[in-house]
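The values are calculated or read from the model by the stated rules, or taken from the named source; none is laboratory data. Only a predicted model underlies this, so the values are computations on that prediction, with no experimental measurement involved. Here the Cβ positions follow ideal geometry from the backbone for every residue, glycine too, while neighbour counts run over all protein chains shown.
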Amino acid sequence: MAGLLSLVIPVYNEADSLEPLVAEIDESLRAAGLEYEIVFVDDGSSDGSFAVMQRLAAPRGDIRIVKLRRNFGKAAALSHGFAECRGDYVVTMDGDRQDDPAEIPRLIAPLDDGYDLVSGWKQSRQDPLNKTLPSRLFNWTVRRTTGIPLHDFNCGLKSYRREVVDTIYVYGEQHRYIPVVAAQAGFRVTEEKVSHRRRTAGRSKYGWQRYLRGYLDLMTVLFLGRYQHRPQHLFGGIGTLLILIGILVELYLTVDKLIFGHPIGQRPLLLLGALAIIVGVQLLSLGLIGELIANSRARGGPDQAQVARIVEGGTAALVLEAGAANLGSTTPAAGTSVPAAAAADSVTAAAGSVPAAAEGAPAGAAPGVTDRQ
Ligand code: UDP
Ligand code: MG
């Protein structure tokens, strides 16, 4: 792996863990011969974490600190780290020492095989049962609803190619869905087993509320991924169905009254039909308002985050690259949207119908080819 690696570490009250964490990182990454920087994001700590970070950063140029004004949550902290880091590759890890820096070289290896994001999969998880059981349910639900076959969406240890962190945006508590958001954006996501350690200092920042919030965030992420460019297809679809059902019900009652002379004033069906029409019209209107928002955003021009690369014709380097791509297409599992490792690996996903870098050879842009950062 060539290029600078940025370690982005969100920190909220982890004062006692930071010094040993940096020592471990130095040991593991120097041994692996990696060039790296550490970007701490102090997410409003009140236990002196910032002072510890300052002390650690003082003697060296490869530690940077982003201090937030108050606690904004892990997703916001990660987003700030992504914005400030300078690496060609990025690794996120928790600041509580539950993630092991020795895993980093293995975690970044698939990035050289054409993957854009590698999510850690915690083995023999060192957390209490009241955390691991709901977590299994959470991962199962996310797998089923998103179709992305990862085992452990919420692992703090993940590696990214630069363009992923430049493209995706997470906020609130959406850090749990980073692999989903990345796959929805067309990036290729895979997972790698990593070890997990018991918390030795400080406390977990998340209680039972994480599950309620996680469920609400899942709906947001699913909605944005599928319908942000076409909200009326969701709301208008359900609304139209309800209106049709309501009209049929009321027609039936009208016929019953006018032709068969039955009284209909006391029939529950009357109310049900009216309700279906009213709610249907409301949903349809909601969809139209959603389209107004989508339309005014679309007027700003096409979303540049959707573009993987631009190819300018007429360069010699392009001929070479095209030759390589042609060669690849005669060999199974190369030059297609799924690289060799992915074909053998059942946990690989490129969500949606647009696999990123489907034209092959994602690494190393040649003259005439601009990879979008
Ligand atoms: N964290 C953060 N802001 C928050 C909550 C957590 O930056 O509002 C950091 C925290 O300091 C740690 C990481 O996110 O480095 C994971 O948090 P935690 O260990 O509490 O989560 P758990 O391991 O219990 O899921
Ligand atoms: Mg933790």
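Go through Ser49, Ser6 for me and flag whichever is buried (at least 19 other Cβ atoms within 10 Å of the Cβ) and closer than 27 Å to Gly207 by Cβ.
Values: Ser6 fails: closer than 27 Å to Gly207 by Cβ.
So the residue among Ser49, Ser6 that is buried (at least 19 other Cβ atoms within 10 Å of the Cβ) and closer than 27 Å to Gly207 by Cβ is Ser49.
Would you call Thr200 assigned by TED's automatic domain parsing to the domain that holds Asp94 and either surrounded by fewer than 16 Cβ atoms within 10 Å (Cβ to Cβ) or within 16 Å of ligand 2 (Cβ to nearest atom) (or both)?
Criteria met by Thr200.
Which numbered condition in (1) surrounded by 18 or more Cβ atoms within 10 Å (Cβ to Cβ); (2) under 30 Å from Met1 (Cα atoms) is the only one that Glu35 fails?
The one condition Glu35 does not meet is (1).
Where the second residue is crowded, with 21+ Cβ neighbours inside 10 Å and the first is of a type in the set (Asp, Glu) and lies in region 7-22, which pairs have Cβ atoms under 6 Å and are six or more apart or on separate chains?
These pairs meet every condition: Glu14/Ser49; Glu14/Gly95; Glu14/Asp96.
Among the numbered criteria (1) surrounded by fewer than 19 Cβ atoms within 10 Å (Cβ to Cβ); (2) at pLDDT 95 or above, which single criterion is violated by Ala77?
The one condition Ala77 does not meet is (1).
Please indicate, with yes or no, whether at least one residue in region 12-24 is on the phi > 0 side of the Ramachandran plot and crowded, with 19+ Cβ neighbours inside 10 Å.
Taking every residue of region 12-24 in turn, at least one turns out to be on the phi > 0 side of the Ramachandran plot and crowded, with 19+ Cβ neighbours inside 10 Å.
Yes or no: region 103-112 includes at least one residue that is charged (D, E, K, R) and either away from ligand 1 (no atom under 16 Å from the Cβ) or under 17 Å from the mean Cα position of the chain (by Cα) (or both).
Checked region 103-112: at least one residue is charged (D, E, K, R) and either away from ligand 1 (no atom under 16 Å from the Cβ) or under 17 Å from the mean Cα position of the chain (by Cα) (or both).
Tally up the residues in region 143-196 that are within 16 Å of ligand 2 (Cβ to nearest atom), in contact with a helix residue (DSSP H, G or I) (Cβ under 6 Å, 6 or more places away or on another chain) and not charged (D, E, K, R), please.
Of the residues in that region, 4 qualify.
Looking only at region 268-310, how many residues end up being farther than 20 Å from Arg230 by Cβ and either in a helix (DSSP H, G or I) or at pLDDT 95 or above (or both)?
Of the residues in region 268-310, the ones farther than 20 Å from Arg230 by Cβ are 268-279, 308-310.
Filter again for either in a helix (DSSP H, G or I) or at pLDDT 95 or above (or both), leaving 268-279.
Residues meeting the conditions: 12.
List the number of the failed condition for Glu84; all other conditions in (1) in contact with a helix residue (DSSP H, G or I) (Cβ under 9 Å, 6 or more places away or on another chain); (2) more than 10 Å from ligand 1 (Cβ to nearest atom); (3) closer than 22 Å to Leu29 by Cα; (4) acidic (Asp, Glu) hold.
Here Glu84 clears every test but (1).
So which of Glu173, Glu192 is within 12 Å of ligand 1 (Cβ to nearest atom), closer than 19 Å to Thr92 by Cα and either assigned by TED's automatic domain parsing to the domain that holds Gly114 or among the aromatic types (Phe, Trp, Tyr) (or both)?
Of Glu173, Glu192, the one residue that is within 12 Å of ligand 1 (Cβ to nearest atom), closer than 19 Å to Thr92 by Cα and either assigned by TED's automatic domain parsing to the domain that holds Gly114 or among the aromatic types (Phe, Trp, Tyr) (or both) is Glu173.
Picking from Gly214, Gly186, which residue would you name as being away from ligand 1 (no atom under 12 Å from the Cβ), small (Gly, Ala, Ser), buried (at least 18 other Cβ atoms within 10 Å of the Cβ) and more than 17 Å from Gly95 (Cβ to Cβ)?
Working: Gly214 fails: away from ligand 1 (no atom under 12 Å from the Cβ).
Sole residue among the options that is away from ligand 1 (no atom under 12 Å from the Cβ), small (Gly, Ala, Ser), buried (at least 18 other Cβ atoms within 10 Å of the Cβ) and more than 17 Å from Gly95 (Cβ to Cβ): Gly186.
Does region 4-29 hold any residues that are touching a strand residue (DSSP E or B) at 6+ places or on another chain (Cβ under 6 Å) and not in a helix (DSSP H, G or I), and which are they? Full working, then the answer.
Of region 4-29, the ones touching a strand residue (DSSP E or B) at 6+ places or on another chain (Cβ under 6 Å) are 5-11, 29.
Within region 4-29, Leu5, Ser6, Leu7, Val8, Ile9, Pro10, Val11 qualify.
Would you check if Arg213 is over 22 Å from Gly87 (Cα atoms), in a loop (DSSP other than H, G, I, E, B) and in contact (Cβ under 8 Å) with a residue 40 or more places away in the chain?
Here the answer is no, as Arg213 does not meet what is asked.
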